[in-house]
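Written out below as structure tokens is the structure these notes cover.
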Amino acid sequence: MNTSAMKSTVAQLKTQIQRAMVAAFGEDLAHIDPMLVPTSNPKFGDFQANVAMSLAKPLKQSPRDIARQIVENLDLGDLCDTPDIAGPGFINLRLKTAYLEAQLKAMQADPRLGVAPVNQPQTVIVDFSSPNIAKEMHVGHLRSTIIGDSMARVQEFMGHRVLRLNHVGDWGTQFGMLITHLKEACPEALEASSTVDIGDLVAFYKQAKLRFDTDDDFKTRSREAVVDLQAGEDTATKAWKVLCAQSRQEFQKLYDRLDIQIQERGESFYNPFLADVVQDLEAQGLLVEDQGAKVVFVDGFTNKDGNPLPLIIQKSDGGYNYATTDLAAIRYRTGKDGAERVLYVVDAGQGNHFAQVFQVGAKAGWIPDGVELTHVPFGVVQGEDGKKFKTRSGDTVRLKDLLDEAVSRARTDLETRIQSEERQETEDFIQDVAEAVGIGAVKYADLSQNRTSNYIFSFDKMLALQGNTAPYMLYAYVRVQGIARKGGIDFDHLPAEAGIHLADDSEFALSRYLLQLDTVLEEVAQDLYPNRLCQYLFELSQTFNQFYDRCSVLQAEEPQRTSRLILCDLTAKTLKLGLSLLGIRVLERM
RNA sequence: GGGGCUGUAGCUCAGCAGGAUAGAGCGACCGCCUCCUAAGCGGUAGGUCGUGGGUUCAAAUCCCGCCAGCCCCGCCA
């Protein structure tokens with residue numbers, strides 16, 4: 001059985017129920033959704049159809065009678081036992097054991113674990129991370145980077161062509177002060193290809209900002225520098241490049257550590273297209289001159305006085321701003337890149353901005369039919385006091401420091417455990433495990449929350465090593481590998497003819513979870529909520545741990561032993577795949 | 001003034017394309033290692049799902065009002 005045959009369990013059940021509905025009540029019901037969902041409780045079987053209750057009124061019959069007539073016309077072949085009718089009129093379906101066993105075997109033979117690639121791959125752009133040049137990546141970039149990376153991985157796995165874009169802040173008026181300060185405070189940086197340390201560059205940014213805020217002459221020179229830069233003047237351009245190169249190097253260290261692939265395409269990339277945006281909007285009669293600026297008035301937004309809200313396309317001084325850049329980016333992405341779906345993984349505070357920019361893009365005809373631009377918003381990271389996450393001294397938390405601390409705490413935990421268990425482990429092992437656990441914990445803690453709400457950051461909670469955390473799942477994976485080591489098992493060479501024989505409740509529970517992977521991933525790919533994948537992996541791990549607790553594997557008699565080994569293997573592979581789609585790597589031992 | 005997000009157990013959060021007794025983790029309490037890593041498993045206690053209406057056979061979930069918190073709203077990005 002191949003992937004596409006596997007994923008059709010739900011589809012098959014739906015089709016059959018629909019047929020039964022038509023057979024019982026006529027063609028009118030041909031397009032009524034049977035309302036088939038997984039059961040709320042395993043004791044009700046695997047799936048429940050809730051359609052009977054909703055038909056009671058139109059059919060003027062009792063829900064239970066309707067359910068009975070549907071069931072009488074229902075042909076589920078080898079999929080299910082005879083359905084039960086329960087409660088007010090639920091139709092409960094229980095998959096036949098033989099069917100489950102066959103599905104699991106098919107999953108074992110499939111490198112994609114039963115998840116079919118999409119039929120029609122799209123070109124998907126994921127716009128995420130987007131730090132600002134000359135600033136250090138900090139906790140504020142954490143969510144976009146982690147969520148964006150995971151969503152890109154999921155889209156890729158589903159078979160889409162994915163372009164991961166880092167829309168870095170490498171342009172704009174802040175470069176005026178940076179360039180000016182660089183020229184005056186650090187002229188040697190403009191001479192040779194000498195390098196400035198990023199730590200210095202961050203301090204450098206602060207110095208420039210301070211001068212800009214306190215020194216009017218400096219402010220004036222900075223504004224002139226912006227004009228120079230925009231005009232392509234040599235010194236200003238050189239200074240800008242120096243700043244960008246420095247930042248890029250530092251960013252890359254973090255991306256490497258986080259195992260994140262992303263292609264830099266900063267705001268400056270769109271500079272050559274900004275004038276076209278203005279021209280085109282003007283030609284279409286969408287542009288209005290207001291208080292010296294060129295703007296488009298957007299529908300559905302008003303300012304504090306209740307007047308229509310403009311989106312500024314060109315400032316009164318002739319400069320462009322980020323709305324212009326974003327519009328140019330829309331044109332480029334839907335045009336040159338051929339994007340059919342663009343995901344902007346950007347904090348929720350920019351909801352208005354994206355709604356406005358998308359609206360203008362649509363009005364201007366830059367968003368072809370069938371192309372979907374989606375703002376994927378997320379809440380802010382807060383400290384345990386519920387306020388903005390800061391260091392004790394009140395500074396922004398640097399991303400590097402945050403990762404270091406997570407790894408360091410993971411290492412301390414690990415060393416304590418190694419000591420108490422009287423194990424001997426190498427430094428390489430300890431370092432590797434600490435890094436995987438620490439980084440994995442940071443990522444998982446973020447991804448496991450519904451992204452729309454604010455996120456309270458807590459080292460203690462993410463590294464608690466119990467509960468819905470990365471270590472819990474890594475441990476479940478490690479347990480399987482432990483079985484393989486102990487038993488000298490090579491999962492890739494289990495007897496091909498070996499079957500699955502489900503008996504214990506925990507084996508059935510585990511099987512049901514394993515077979516939900518495809519549904520979960522399709523949901524995540526569509527709805528872009530990584531926490532659903534986390535939830536699934538957590539519940540799978542819990543179910544596995546229950547199975548592990550109740551069923552011995554290596555000491556079981558055949559054919560039970562091999563059957564259980566297959567369940568273990570499938571669990572491990574599912575965890576490994578799921579975690580990899582979250583950007584988290586597994587460990588063989590920990 | 002407008003828009004958005006959030007409000008569920010002591011804490012942190014799931015659930016919200018309506019469905020059976022509202023779930024998990026942490027914390028508290030009680031158990032379980034002669035046996036594949038106990039970073040585990042089982043159990044107990046703990047909830048007017050902010051609030052008031054409405055729709056429905058059925059509402060934490062959908063609609064409206066209100067209350068509370070956070071965020072955004074013209075030349076920064």
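One table, with the values for the structure above:
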read-out	value
Label-point gap, in nm, between A:Arg589 and A:Asp65 - each point 7 angstrom along Cα→Cβ	6.9
Rounded tilt (10° steps) of A:174-185 against the dominant C-alpha axis of chain A	50
Under the Karplus curve 6.51 cos²θ - 1.76 cosθ + 1.60, θ = phi - 60°, whole-Hz ³J(HN,Hα) for the range A:438-453, x wherever Gly or Pro sits	x, 5, x, 5, 4, 5, 5, 4, 6, 5, 7, 9, 4, 5, 5, 8
Carbon and sulfur %, accessible surface of chain A computed with the full protein complex present, 1.4 Å	48
In nm, spacing of pseudo-spin labels at A:Lys209 and A:Lys486 (7 Å Cα→C-beta vector)	5.5
Amide hydrogen neighbours beyond the local backbone of A:Val298, cut-off 5 Å, H modeled	A:Leu309, A:Leu311
Tail beyond 45 Å, pair distance distribution of chain A (Cα, percent)	31
Relative contact order for the range A:174-260, counting Cα pairs under 8 Å that sit 6 or more residues apart, in percent	42
Residue (of A:Ser458, A:Val345, A:Gln419) at the positive-pole extreme of the range A:336-461, dipole from beta-carbon charges	A:Val345
Net lengthening on full extension, A:Asp256/A:Asp395 (0.36 nm per residue, minus Cα-Cα)	47.6 nm
Net dipole in debye of the range A:3-95 [+1 Lys, Arg Cβ; -1 Asp, Glu Cβ; about Cα centre; nearest 20]	240
Per residue solvent-accessible surface (Å²) - the range A:278-428, probe of 1.4 Å	54
Signed unit charges on C-beta, dipole axis of the range A:174-260, positive-most listed residue A:Leu254, A:Ser222, A:Leu178	A:Leu254
Using θ = phi - 60° and Karplus 6.51 cos²θ - 1.76 cosθ + 1.60, couplings along the range A:220-227 (whole Hz; Gly, Pro as x)	5, 4, 5, 5, 5, 5, 4, 5
Computed [θ] at 222 nm, helices only, for chain A once each DSSP H run of length n ≥ 4 contributes -39500 (n - 2.57)	-17000 deg cm²/dmol
Assigned charges on the beta-carbon of Lys, Arg, Asp, Glu; chain A dipole about Cα centre (debye)	800
Average Cα contact separation per residue, chain A, under 8 Å, 6 or more apart, as relative contact order %	14
Amide H within-cut-off set for A:Tyr455, under 5 Å, with H built and near neighbours excluded	A:Val380, A:Val381, A:Gln382
Per residue convex hull volume, Cα atoms of the range A:3-95, in Å³	90
Mean Cα-pair separation over length for the range A:3-95, i.e. relative contact order, pairs under 8 Å, 6 or more apart, %	28
Charge dipole of chain A about the Cα centre (unit charges at C-beta), most positive-ward option of A:Ser506, A:Leu243, A:Gln382	A:Ser506
For the range A:423-452 and the range A:533-590, distance of Cα centres in Å	19
Note, ³J(HN,Hα) from phi for the range A:366-382, Karplus 6.51, -1.76, 1.60, rounded to Hz, x at Gly and Pro	8, 10, x, 4, x, 8, 10, 9, 10, 7, 9, x, 9, x, 7, 8, 10
Degrees separating the helix A:470-487 axis from the principal Cα axis of chain A, which is the longest one	50
Residues A:Asn271 and A:Ala498, FRET efficiency given R0 of 51 Å [Cβ-Cβ distance, rounded to 0.05]	0.25
Extended-chain gain in nm, criterion 0.36 nm per residue less alpha-carbon gap, A:Ser580 and A:Ser453	43.3 nm
Distance (nanometres) between label positions extended 7 Å along Cα→Cβ at A:Lys43 and A:Leu286	5.9
Nearest-0.05 FRET efficiency for A:Thr519 and A:Asn73, computed from C-beta distance (R0 25 Å)	0.45
Rg/Rh (Cα only; Kirkwood hydrodynamic radius) as it applies to the range A:470-590	0.97
Cα shape, the range A:297-340, gyration tensor, a/c 1.5 rule	oblate
Approximate shape of the range A:174-260 as ellipsoid semi-axes (Cα gyration tensor, √5λ), whole Å, largest first	24, 15, 12
Student exercise, the range A:174-260 dipole from Lys, Arg, Asp, Glu Cβ charges, in Debye to nearest 20	220
Accessible surface, per residue, of the range A:1-141 when the full set of protein chains is kept, probe 1.4 Å, Å²	47
Accessible area of the range A:174-260 divided out per residue, in Å², using a probe of 1.4 angstrom	53
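The values are calculated or read from the model by the stated rules, or taken from the named source; none is laboratory data. Just so it is clear, the structure is predicted and the values come from calculations on it, not from any experiment. Virtual Cβ from ideal backbone geometry, glycine too; neighbours counted across all protein chains shown. Protein only, heavy atoms only, side chains kept; ligands, DNA and RNA dropped before computing areas. Shrake-Rupley method; radii C 1.70, N 1.55, O 1.52, S 1.80 Å.
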